[in-house]
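The values are calculated or read from the model by the stated rules, or taken from the named source; none is laboratory data. Every value quoted in this text rests on a predicted model; they were computed, and no experiment measured them. No Cβ is skipped: glycine too gets one built from the backbone with ideal geometry, and neighbour counts run over all protein chains shown.
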Amino acid sequence: MADFQRLAPELRSHLKRKPGLWVKLKLDPWLLVLLLVIMSFGLVVLYSGSGSSEIAVQKQMVRYGLALMAMLFVAQINMRHVQRWIPLVYIFGIILLVAVLSFGVGAKGAQRWLEIPGLPRFQPSEIMKLVVPLTVSWYLANQLRPPRLIHVIVSMVLVLLPVLLIAKQPDLGTSVIIGTSGVFVIFFAGLLWRYLIAAVILGAAGLPLIWSGMREYQKQRVVTFLDPESDPLGAGWNIIQSKIAIGSGGINGKGWLQGTQSHLDFLPETKTDFIVAVLAEEFGLLGVCLLLTLYFLVLVRGLIIAGAAMLPFDRMLSASLTLTFFVYVMVNVGMVSGLLPVVGVPLPLVSYGGTSAVTLMVSLGVLMSINARRRLPT
Amino acid sequence: MSWSNLDAQRREDSQFQTRLWWSLWFIIIVFVGLVCRLVYLQVWQHQHYVTASDDNRQQLQALAPTRGLIYDTHGSLLAGNRASHSLTLVPEQLSGGRRSIDKVLAELGQILTLDDSDIKRFKRRLNQPRRPYSPVALRFQLSQAEIAQITVNQHRFSGVRIVPELVRYYPLDDGFVHALGYVGRINDRELKNLDATNYSATHHVGKLGIERYYETELHGTVGYQTVETNARGRVLEVLDRLEPLPGRDITLFLDAQLQQDAAQLLEGKRGAIVAIDPKTGGILAMASAPSYGANQFVTGISNANYDALRTSNDLPLFNRALRGRYPPASTVKPVIALAGIDSGIISRKFSLWDPGYYQLTEGGRFYRDWKEGGHGRVNMHKSIVESVDTFYYAIADVMGNTPMTKYLSQFGLGQVTIADQPEATKAVLPTKKWKRANRNASWFPGDSLNLGIGQGFLSATPTQLATMAMVLANKGQWHQVRMIKAIDGQAVKKVSEIGHKDPQQPDNIELKRDSDWNKVHAALIDVMHGKYGTGRRSGADSSYKMAGKTGTAQVLGIKQDSTYDAEKLAERFRDHGLYIGWAPAKDPVIVVAVIIENRGGGSSAAAPLARKLFDSYILGTKIEPESEPEATAIVEVDLEAEAEVENTQGAINDG
């Protein structure tokens, strides 16, 4: 099997003597250009999805600006200098999550926000999207690899603790994202296949047990969750309408601002979680494929960066962050097209909202920082 | 670094690279899968979804479940459903679209009456979040003539429809509302708390009483249908249908005949009657007067009518049976007597000489008995039969706060023990802690004397007094006091059996000597049948024996509520009459509590009503409407603030 390092063009570029502008800025031009293209495309769709609201587009541009600045800032940080703070940050994050459960604020029955006087209100779960892979990478980088069973168990505890706290808020989307990001690190640390297979079998065997232990109304919720169309007035409504939007878009789409599903208010959440349905309705199959291609290029670039990294911590972290980005895309598009159950996961860098944009760009900044320092053993 | 380490390093490197490739392949597979799904939806199924989206002819309609029925104990219908027609608009289907709404409203106004409040409420409903193509109600309760008018003109209005729906109907109405509650249109606040899916076709929700408490059971589960309609919204074909699940039927212990009797007896008065079946704890009757009709609330009461109810001095909206807080007066004497004997503070043979007053200290304040000159030598039996205040001043003085409040609480005072009437209040059982918290003062001996004769800070609702009488009649045996007898024909002994929370209920009372119950019972029978009993006139000439206790609460001061005219003022200083009792005395089938406001003492105002109720329930005697002067007097309970009655200390208390 070929080697990712050989595929990496940077290996040859390091022969150049003078560091260019990109190197000085510690930025990766490939990734940056791709992100800017996705964001611009996203703004075009958002204008339609928000009902031609210039205010929404302007607000989102400001958020993108902030997110880009955050990325630029994080790219300047040398991961090796922050490593020793990671356990402290993790403990602090857990405390914040507990605080959310005890006196957080929120809407629609979910308690997700923390209001601390003097600070803007924020979601501690967003911070954990970065802290959890950082912590697991830090822990496993200090162990022998492939990790032994005890190390795998400790890592799983590190992952499950925040995941359960967030699932209790409840915020299923975020806990899925965080859970997978942690598991990816363990996977890239060289988790033995037999553990992986054993975990899958154990999980599958445990499901009937959990199912039989549940009460009737809980079972009903799970059924609705897995098959939303059994509840066409509630959760099913969104999925039925978004499938109509996607399907009626056809190959070429109905044209920008011409989507009837989104503009006649049939489609819910057109700015946020269901924005890909707006894209599919107005730009058709071609539009969605274009966006998926852009995402695919981002992912390939992320994997190349991971493959070129030398230190275990850098590799595990960059590979995990890349795959987490992928999970966003998979869960969101899968949900909107009716393949996966409805959990609240935004479409990366396209959905309206500042928090997820900043979190994503910060993790991409980490990727860039790792990329810029892969040859500098300081 | 040793060679083996280097080797391990190389192995780790190559493994990591392999896993990156695995990830890449996985990503590719998922992306291909997503694209396949999109191709399936956007190419393969394209035509199907174009149809679905383009003409929007397929609509999902929610189907309201039929609300469960409420029956009395013998199966008479107390709350049913009847058809009502309302006029609705689908704004998206109006010929000129949403913008033409005002024009359409003006045209509709020419063929039927639409007043400003109809239009105002319609606009409010229109601006609430709603699904496209869902109808918005404009008018309810269309008359036959109006239905005909609209049908004839139907061709002029697309998107305007007459929708039949089932709405609540109370066939017996007046006199039942304080027992049953009622349903009304869902308002904005309720909308936020209801399950949006299950109520998507429902317009009414239980607002009060049984209808509110058993809302979950009575409502049922929503159904839906997918229909194909033409451009005007007329249903052409039903494509898919899931029937709604009707609500569950509830049978109450309430006896419709007895309830009507109780309402009849209270006609023209202010007061309440609560009757309980002592063998089950089931409420047989719960009447509060004055009352009002519930049906007008179902279809929307006019502002004028509602204001009249709300501002009436007699407070018809106020549920006296559950929320009226009255001094129980002498009706607590049997319990105080039991407390004295059972706690060992007085002996069973204890007696005293009653000079007609009691003094805490020599030369101190006089606490007077209702009978000037006193009753002579008084033992426990005589103290109950003749309701001797002095006897209770004396034993309350010795007992102090604690044994009295402890025993009163075992009989249910100071707490809500009725399970399924959410409006019930716990009134006041004044413990030392209560007085410290609410009056910021410590407990004085004078407070004990007032408590001993059921006055002072003590207050109780008619429901609580009936419950106390039930426990007395049962010799300490408790049952959950409740309205519900059965649901869907299945008996309910406790509301927790159907998923509700049981109220806290005292344990069954075990006296140190069981025969003490018989002593108190014997005295209570003599109240009704003895030569000097305070209720002897009501107990006379009966074919069965009954037991009971009268009470008279004197209202000496009232927290100001200055809307009353001066000439009526005198009336509200008249006594409240109270009565608790049961019949037949030895094997009770009915326990009642009667409270009549401002019409004099219990033996003349309350006990005769109880006797009539007993006769009706046991012998089936018909109750004749009595001709009495109109009640104009005033209530001491304020609906909003529940301002408390301030009875001056040392209230006089007779039988």
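Residue by residue, here is whether (1) more than 8 Å from chain B (Cβ to nearest Cβ); (2) more than 28 Å from A:ARG145 (Cα to Cα); (3) among the acidic types (Asp, Glu); (4) surrounded by 24 or more Cβ atoms within 10 Å (Cβ to Cβ) holds:
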site: A:LEU292; (1), (2), (3), (4): no, yes, no, no
site: A:PHE296; (1), (2), (3), (4): no, yes, no, no
site: A:VAL300; (1), (2), (3), (4): no, no, no, no
site: A:LEU311; (1), (2), (3), (4): yes, no, no, no
site: A:LEU321; (1), (2), (3), (4): yes, no, no, yes
**Request:** Considering (1) out of contact with any Lys or Arg (no Cβ under 7 Å at 6 or more places or on another chain); (2) part of a loop (DSSP other than H, G, I, E, B), say which one B:LYS269 fails and leave the rest.
**Result:** (1)
**Item:** Every residue from the range B:542-574 that is of a type outside the set (A, V, I, L, M, F, W, C), surrounded by 12 or more Cβ atoms within 10 Å (Cβ to Cβ) and at pLDDT below 90
**Value:** B:GLN554, B:GLY557, B:ASP561, B:TYR564, B:LYS568, B:GLU571, B:ARG572, B:ARG574
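Determine, yes or no, whether A:ILE116 is part of a loop (DSSP other than H, G, I, E, B) and not assigned by TED's automatic domain parsing to the domain that holds A:PHE313. Please lay out each step first, then the result.
Values: part of a loop (DSSP other than H, G, I, E, B): yes; not assigned by TED's automatic domain parsing to the domain that holds A:PHE313: yes.
Spelling it out, A:ILE116 is indeed part of a loop (DSSP other than H, G, I, E, B) and not assigned by TED's automatic domain parsing to the domain that holds A:PHE313.
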**Request:** Could you please let me know if B:ALA304 is at pLDDT below 95, surrounded by fewer than 18 Cβ atoms within 10 Å (Cβ to Cβ) and under 21 Å from B:VAL177 (Cβ atoms)?
**Result:** yes
**Message:** On the basis of being buried (at least 20 other Cβ atoms within 10 Å of the Cβ), in contact with an Asp or Glu (Cβ under 6 Å, 6 or more places away or on another chain) and under 30 Å from B:SER542 (Cα atoms), does B:MET528 make the cut?
**Reply:** no
**Request:** Restrict the check to the range A:254-274 and report whether at least one residue is within 7 Å of chain B (Cβ to nearest Cβ), surrounded by fewer than 21 Cβ atoms within 10 Å (Cβ to Cβ), more than 28 Å from the chain's Cα centre (by Cα) and more than 16 Å from A:GLY334 (Cα to Cα).
**Result:** yes
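Looking only at residues in the range B:510-525 that are exposed (fewer than 14 other Cβ atoms within 10 Å of the Cβ) and among the charged types (D, E, K, R), which one is nearest to B:LYS586 (Cα to Cα)?
Once the filter is applied, the top-ranked residue is B:ASP514.
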**Asked** Considering only residues of the range B:1-40 that are more than 9 Å from chain A (Cβ to nearest Cβ) and small (Gly, Ala, Ser), which is farthest from the chain's Cα centre (by Cα)?
**Response** B:SER2
**Message:** Here are the criteria: (1) within 26 Å of the chain's Cα centre (by Cα); (2) over 23 Å from B:LEU69 (Cβ atoms); (3) hydrophobic (A, V, I, L, M, F, W, C). Tell me which single one B:LEU258 does not satisfy.
**Reply:** (2)
**Request:** Check whether at least one residue in the range B:219-226 is within 30 Å of B:ALA145 (Cβ to Cβ), in contact with a Leu (Cβ under 7 Å, 6 or more places away or on another chain) and not in a strand (DSSP E or B), and report yes or no.
**Result:** no
**strands (runs of 3 or more DSSP E) fully within the range B:24-143 counting 3 or more residues that are in contact (Cβ under 8 Å) with a residue 40 or more places away in the chain and in contact with a helix residue (DSSP H, G or I) (Cβ under 9 Å, 6 or more places away or on another chain)** = B:77-89, B:136-139
**Prompt:** Any idea which of (1) of a type in the set (S, T, N, Q); (2) away from chain A (no Cβ under 11 Å); (3) out of contact with any strand residue (DSSP E or B) (no Cβ under 6 Å at 6 or more places or on another chain) is the one B:GLN45 doesn't satisfy?
**Reply:** (2)
**Message:** Quick check on A:LEU299: is it out of contact with any strand residue (DSSP E or B) (no Cβ under 9 Å at 6 or more places or on another chain) and either modelled with pLDDT of 95 or more or acidic (Asp, Glu) (or both)?
**Reply:** yes
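Taking the options B:LEU242, B:LEU194, B:LEU208, B:LEU218, name whichever one is surrounded by fewer than 19 Cβ atoms within 10 Å (Cβ to Cβ) and touching a residue at least 12 places away in the same chain (Cβ under 8 Å).
None of the others qualify; the one that does is B:LEU242.
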**Asked** (1) β-branched (Val, Ile, Thr); (2) away from chain B (no Cβ under 12 Å); (3) buried (at least 20 other Cβ atoms within 10 Å of the Cβ): which one isn't true of A:VAL343, the others all being true?
**Response** (3)
**Asked** Taking the range B:416-441 on its own, how many of its residues are under 15 Å from the mean Cα position of the chain (by Cα) and of a type in the set (S, T, N, Q)?
**Response** 3
**Message:** Which of the numbered conditions does B:GLN477 fail, given that it passes all the others? Conditions: (1) in contact (Cβ under 8 Å) with a residue 40 or more places away in the chain; (2) out of contact with any strand residue (DSSP E or B) (no Cβ under 7 Å at 6 or more places or on another chain).
**Reply:** (1)
**Asked** Quick one: would you say B:SER442 is of a type in the set (Ser, Thr, Tyr), without any contact (Cβ under 8 Å) to a residue 24 or more places away in the chain and assigned to a loop (DSSP other than H, G, I, E, B)?
**Response** yes
**Complete:** Checked A:ARG145, A:ARG215 against criteria (in contact (Cβ under 8 Å) with a residue 60 or more places away in the chain and either under 30 Å from A:VAL362 (Cβ atoms) or within 14 Å of chain B (Cβ to nearest Cβ) (or both)); the one match is A:ARG145
**Request:** Residues being assigned to a strand (DSSP E or B), more than 10 Å from B:GLY551 (Cα to Cα) and in contact with a Lys or Arg (Cβ under 8 Å, 6 or more places away or on another chain): count how many of those fall in the range B:576-605.
**Result:** 3
**Prompt:** What is the one condition in (1) closer than 30 Å to A:THR260 by Cα; (2) in a helix (DSSP H, G or I) that A:GLY51 does not satisfy?
**Reply:** (2)
**Item:** Qualifying residue in the range B:167-190 (condition: loosely packed, with under 15 Cβ neighbours inside 10 Å, in contact with a Leu (Cβ under 8 Å, 6 or more places away or on another chain) and either at pLDDT below 85 or within 29 Å of B:TYR292 (Cα to Cα) (or both))
**Value:** yes
**Fill in**
Just one listed residue, out of B:ARG168, B:ARG161, is in a strand (DSSP E or B), more than 14 Å from every other protein chain (Cβ to nearest Cβ) and under 21 Å from B:GLN259 (Cβ atoms), and it is B:ARG168
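Please tell me if B:ASP354 is at pLDDT 85 or above, buried (at least 18 other Cβ atoms within 10 Å of the Cβ), more than 30 Å from B:THR467 (Cα to Cα) and of a type in the set (D, E, K, R). Before you say what the answer is, go through the steps one by one.
Details: at pLDDT 85 or above: yes; buried (at least 18 other Cβ atoms within 10 Å of the Cβ): yes; more than 30 Å from B:THR467 (Cα to Cα): yes; of a type in the set (D, E, K, R): yes.
Yes.
Check A:MET316, A:MET330 and return the single one that is assigned by TED's automatic domain parsing to the domain that holds A:GLY42, buried (at least 20 other Cβ atoms within 10 Å of the Cβ), of a type outside the set (Ser, Thr, Tyr) and under 14 Å from the mean Cα position of the chain (by Cα). Give the steps one after another, and end with the answer.
Details: A:MET316 fails: under 14 Å from the mean Cα position of the chain (by Cα).
None of the other options fit; the residue is A:MET330.
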